[in-house]
Amino acid sequence: MKKMMTISYEVGDKLYMNITNKCPCNCTFCIRNNADGAYGSDSLWLEHDPDIDEIKAEIDKRDIEKYNEIIYCGYGEPTSRLNELIASAKHLKSIENCPPLRLNTNGLSDLINERETANEIGELFDVVSVSLNAGTENEYMRVTRPKYSNAFEAMQKFAVDCSKTSANVMMSVVDVIPEEEIEAAKRLCDNINVKLRIRKYES
């Protein structure tokens with residue numbers, strides 16, 4: 001595993017922020033099991049978790065206005081570094097003509113940070129995308145392998161709480177899971193009144 005300090009990387013007209021490698025899950029399909037980078041990026045394995053000054057310096061090197069969207073999604077769970085996530089998002093929002101901010105998350109922020117976090121996240125991010133991964137608890141626990149026994153319930157609560165903020169909230173599954181799990185995911189999202197996105201798996 002080659003380690004670098006790729007704090008941000010471009011994919012088309014989007015800028016991705018990679019602020020940590022920490023994650024409380026060990027998903028069976030996680031892209032980082034197969035490669036050191038994503039979408040042609042340099043290695044996303046970080047030499048160390050960047051502090052807020054390093055993240056701000058990385059942001060300030062970029063021409064923020066040229067991107068259509070800025071997405072927090074790297075080789076770890078962004079909410080594992082909640083203070084840096086919030087502070088850097090505020091820094092971005094302070095930049096004139098900042099594009100929309102999106103958070104890609106496993107939805108376990110409340111468990112990670114041992115408190116409710118949806119309000120402060122939803123106030124800053126225009127889009128919050130929560131990885132549902134499966135439509136049933138048994139399958140979710142099997143493929144996501146979180147360290148928390150109550151992860152399935154907590155993830156749904158986080159999505160619902162975020163949906164009460166100004167953020168556009170969706171849950172996502174990849175198109176490689178069984179059709180019955182996709183149908184179960186649709187029912188789950190209907191029950192909690194959150195949109196479902198079925199996304200293409202990128203290996």
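The values are calculated or read from the model by the stated rules, or taken from the named source; none is laboratory data. On a predicted model such as this, the values are computed, not experimentally measured, just so you know. Cβ atoms come from the backbone with ideal geometry, glycine included; neighbour counts cover every protein chain shown. Surface areas here come from the heavy atoms of the whole protein model, side chains and all, with no ligands, DNA or RNA. Shrake-Rupley method; radii C 1.70, N 1.55, O 1.52, S 1.80 Å.
Brief remarks follow.
- Most mobile listed residue (130, 143, 11) in the chain, GNM with C-alpha springs under 10 Å: 11
- Accessible area per residue for the chain, computed on protein heavy atoms with a 1.4 Å probe, is 48 Å².
- At most 14 other Cβ within 10 Å, DSSP loop - GluC sites (Glu not before Pro), the range 107-203: 114, 116, 202
- Candidates 43, 109, 131: whichever shows maximal mean-square fluctuation once the chain is modelled as a Gaussian network with Cα springs under 10 Å: 43
- Under the combined filter of DSSP loop state and at most 14 neighbouring Cβ atoms within 10 Å, the range 69-111 retains these GluC sites (Glu not before Pro): 96.
- Counting DSSP beta bridges with both ends in the chain, the antiparallel % (nearest 5): 15
- Over 29 Å between alpha carbons, listed pairs 22/61; 66/186; 3/61: 66/186
- Under 5 Å, built H, 5+ apart or other chain: amide partners of residue 77: 22, 23
- Amide H contacts for residue 195 (H built 1.01 Å from N in the peptide plane; partners 5 or more residues away or on another chain; cut-off under 5 Å): 171.
- Computed over the chain, the ratio Rg/Rh where both radii use C-alpha atoms and Rh is Kirkwood: 0.94
- The HN-Hα couplings worked out from phi for the range 3-15 by the Karplus form 6.51 cos²θ - 1.76 cosθ + 1.60 (θ = phi - 60°) are 9, 9, 10, 8, 7, 9, 8, 9, 9, x, 9, 10, 10 Hz, whole numbers, x standing for Gly and Pro.
- Phi-based couplings in Hz for the range 82-97 (Karplus 6.51, -1.76, 1.60; Gly and Pro marked x): 4, 4, 6, 4, 5, 5, 6, 5, 4, 4, 4, 5, 7, 7, 4, 6
- Amide hydrogen proximity for residue 148: with H placed 1.01 Å from N in the peptide plane, no residue at 5 or more positions away or on another chain lies under 5 Å.
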